[in-house]
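*Asks:* Structure in C-alpha cells, see below.
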Amino acid sequence: GNWMVDNAVKISRITGIPAVLIGATIIALATTLPELNVTIFSSLDGVNELAVGNAMGSIIFNLTFIVGIVMLFTKNPITKADLGSNFYIMFFSILFVYILGITNSINRFTGMILLTIFLLFFINNIIDANRKETVIEAYRLHVSKEKVGSLWKCIIFFCISSFFVSMGARLLVQNGENLARLMNISEHIIGVSIIAVGTSLPEVVTAT
C-alpha cells in the first residue's frame, strides 16, 4: 500500500497534475483499494458481515484515528475552505447509510444510489480543483523526454503494487474468516476492527 501511494504521488509530480486533484482522485482511489478488494472477496465468499464491517470500521478509523493524527501534528489549522463541499457529501453519505441500516433497506437499488453519490463526489473534486488559480498552470501536462521513462516506471510499479494489495486483501479475508471461527466471534467484529485497521494503513501512510 505504501509503494502504491508513493508511485501515485510520483506520477502526479511528473505529469504536473495539481496535488489537490491527485489527492482527491488517484490517491483517494488507490488508498481505498484494500477496502474495495476485501469487500469484493468477502462478498463473493458470502461473508457479507465481513464486507460491511470492514467498510464501516474503515470509515470510523479514518475519521477518528487518522484525522486525529493529522490534527495533532499539522502546523497549519484546517479551515472550512480546506474541507470544501466534500464535508457535506461525507455527512449526507453517513446519514444515508445510517437510515438504510435502521430501516433494513440496504439492497442493490440503494447500492446504486450510493455509487451515484460517489460519482458526484468524484466530479465535485474535479470542479473544486478547477477553481484553484494554480490549476491553470498545473494542467499543462507537457512531460519532458527525460521524465517519460520515469513516468512509465512509476506506472508499472503502481500496477504491480496494486496487484499485491489485491493479493493481500485476499489473505486478509481468508484469515479474517479463520480468526472469527477460531475465536468464536462474528465476522462483523473481525471486519470492523482488525481488518478495518489493516486496510486503512495506506491512508495512515498518506496522512503522515
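The values are calculated or read from the model by the stated rules, or taken from the named source; none is laboratory data. Because the structure is predicted, anything quoted here is derived from the model rather than measured. Glycine also receives a Cβ, built like all others from the backbone with ideal geometry; neighbour counts cover every protein chain displayed. Each accessible area value is taken on the protein alone, full model and side chains, heavy atoms only, with ligands, DNA and RNA left out. Shrake-Rupley method; radii C 1.70, N 1.55, O 1.52, S 1.80 Å.
*Asks:* May I ask you to compute the full-extension gain from LEU36 to TYR88, defined as 0.36 nm times their residue separation minus their alpha-carbon distance, rounded to one decimal in nm?
*Replies:* 16.4 nm
*Asks:* Another one. If you stretched the chain out fully between ILE123 and ALA28, how much longer would it get, using 0.36 nm times the residue separation minus the C-alpha to C-alpha distance?
*Replies:* On the way: separation 95, 0.36 × 95 = 34.20 nm, distance 1.32 nm.
Contour length minus Cα-Cα distance gives 32.9 nm.
*Asks:* Further question on the same structure: With label points built 7 Å along Cα→Cβ from the Cα atoms of TRP3 and LEU72, find their separation and express it in nm.
*Replies:* With each label point 7 Å from Cα toward Cβ, the separation is 2.9 nm.
*Asks:* Separate question: Read phi for every residue in the range 50-64 and hand back ³J(HN,Hα) as whole Hz from Karplus 6.51 cos²θ - 1.76 cosθ + 1.60, θ = phi - 60°, with x for Gly and Pro.
*Replies:* Values per residue, Gly and Pro as x: 5, 5, 5, x, 5, 5, 5, x, 5, 4, 4, 4, 5, 6, 9 Hz.
*Asks:* Kindly state, to the nearest 0.05, the FRET efficiency for VAL205 paired with THR110, given R0 = 30 Å and r defined as their beta-carbon distance.
*Replies:* The calculated FRET efficiency here is 0.40.
*Asks:* How much accessible area per residue does the range 1-122 have, counting only protein heavy atoms and a probe of 1.4 Å, in square angstrom?
*Replies:* 62 Å²
*Asks:* Another question about this same structure. Stretch CYS159-SER186 to full length: gain in nm at 0.36 nm per residue minus the Cα-Cα span?
*Replies:* Here the answer is 6.3 nm.
*Asks:* Let me ask something additional. Between SER166 and THR103, what's the calculated FRET efficiency when r is the beta-carbon distance and R0 is 45 Å? Round to 0.05.
*Replies:* Given R0 = 45 Å and the Cβ-Cβ separation, E is 0.85.
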